[in-house]
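As structure tokens, the structure follows; a few thoughts come after it.
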Amino acid sequence: MMLVFILLGATVWDLLIGEPPSKYHPVVYMGKYISAFWKYRPSGRERALLYFGGALVLSGGFLFSWPARILGMFPDFLFAILAVPLLKTTFSLSGLLEAGKGVLDSLERNDLPGARRKLSRDLVSRETEDLSREEVTGAAVESLAENLTDSLASPLFFFGVFGLPGAFFYRFCNTCDSMIGYRGGDMEWGGKFAARCDDVLNWIPARVSAFLLLAAGAIAGEDVLSGIEALKRDRLFTSSPNAGWTMSVMAGLLGVTLEKRGVYVLPGGTGPLDEDVLRRALRVVRIASGLVIAAAAVLGGLHGLFR
């Protein structure tokens, strides 16, 4: 049950203490590694960029998961003490909830510019300067649903299946995708491997998260039947093979239409996109997060039994 103890300890750490200082955070060093490696890319050559991107993802993934493998050689007690804060750095439940709450607080104070800034800083990569109040609310709801997978379910899934090295390998691949997995310029091909790797790694967690969101919606008293219908109808409306699963469920549960200009529309209902919708979305994500952690604990327990 060692993995279960580490998981619960990391969850308590996350909720009570939050993120460690940047100078101690492994994800910061992942970003530095990616930036340093990226400087030596073979600019402009598609196949060479593709191979280069693959080398970046695989080398960094193994490099940053290697210390976690070494920890497995330590006595169980020492391993657990060190693994708790390390696992916490691979996920951020408190950070996700605080980011959503920050946008909500600004909207409740009628501070739309502040809500836009917090949305851009903490939740989305899109431009937010000209977003309406409803678009800010919708973007926050979308991000809460999508990041349930990236920020929590995926790292904990890989921890439950492969232990601490699995969580670190996932976090490095996801960090690569967030930094270079974009279209245009050298990233079109140099970041393609990172983007596809991230899609593959998130495939199972995204689908599990969608069903746990439905369960959370039922507990929270939201419209589960509409959530199921939206999932069946709209899950493929996004360019990502994974994001549409959780976002469509959230749209249906809340009875609202979530839209990113010129990119996708998830027609979950005609309800208003107001502060109450964001408040309900936060409640659903809190409950779903608890279910994700419980599922990861079960995986960790099974991992220990069959190791």
**Asked** So which residues in region 84-124 are open to solvent by 10 Å² or more (accessible area, probe 1.4 Å), farther than 28 Å from Ile293 by Cβ and among the hydrophobic types (A, V, I, L, M, F, W, C)?
**Response** Leu112
**Asked** How many residues are within 30 Å of Val200 (Cβ to Cβ), β-branched (Val, Ile, Thr) and open to solvent by less than 10 Å² (accessible area, probe 1.4 Å) if we restrict to region 240-283?
**Response** 2
**Request:** For residues that are within 20 Å of Glu259 (Cα to Cα) and either part of a helix (DSSP H, G or I) or aliphatic (A, V, I, L, M) (or both), tally how many sit in region 211-243.
**Result:** 12
**Prompt:** What single numbered condition from (1) farther than 22 Å from Phe5 by Cα; (2) open to solvent by less than 20 Å² (accessible area, probe 1.4 Å); (3) over 20 Å from the mean Cα position of the chain (by Cα); (4) of a type outside the set (Asp, Glu) fails to hold for Ala68?
**Reply:** (1)
**Message:** Just to be sure I understand, how many residues within region 204-255 are touching a Gly at 6+ places or on another chain (Cβ under 7 Å), under 24 Å from Arg183 (Cα atoms) and β-branched (Val, Ile, Thr)?
**Reply:** 1
**Request:** May I ask you to list the residues in region 183-213 that are among the hydrophobic types (A, V, I, L, M, F, W, C), surrounded by fewer than 21 Cβ atoms within 10 Å (Cβ to Cβ) and more than 22 Å from Leu50 (Cα to Cα)?
**Result:** Ile204, Val208, Phe211
**Asked** Quick one: what pairs do we get from region 196-217, first residue more than 9 Å from Thr149 (Cβ to Cβ) and touching a residue at least 60 places away in the same chain (Cβ under 8 Å), second crowded, with 17+ Cβ neighbours inside 10 Å and of a type in the set (Gly, Ala, Ser), C-beta under 6 Å, 6+ apart or different chains?
**Response** Leu212/Ala288; Leu213/Ala288; Ala216/Ala288; Gly217/Gly227
**Asked** Of all residues in region 133-152, how many are open to solvent by less than 10 Å² (accessible area, probe 1.4 Å), touching a residue at least 60 places away in the same chain (Cβ under 8 Å) and either farther than 27 Å from Val284 by Cα or among the small types (Gly, Ala, Ser) (or both)?
**Response** 4
**Item:** Leading residue by the ranking (most open to solvent (accessible area, probe 1.4 Å)) among those in region 1-48 that are in contact (Cβ under 8 Å) with a residue 60 or more places away in the chain, among the polar types (S, T, N, Q) and in a helix (DSSP H, G or I)
**Value:** Ser35
**Complete:** Apart from one, (1) within 26 Å of Phe37 (Cβ to Cβ); (2) open to solvent by 10 Å² or more (accessible area, probe 1.4 Å); (3) small (Gly, Ala, Ser) all hold for Ala218; the odd one out is (1)
**Request:** Identify, from the list Arg235, Arg171, the residue that is of a type in the set (Lys, Arg) and closer than 16 Å to Asp150 by Cβ.
**Result:** Arg171
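The values are calculated or read from the model by the stated rules, or taken from the named source; none is laboratory data. Bear in mind that the values here come from a model prediction, so they are computed numbers and not experimental data. Quick reminder, even Gly has a Cβ in these numbers, built from the backbone with ideal geometry, and neighbours come from all protein chains shown. Surface areas here come from the heavy atoms of the whole protein model, side chains and all, with no ligands, DNA or RNA. Shrake-Rupley method; radii C 1.70, N 1.55, O 1.52, S 1.80 Å.
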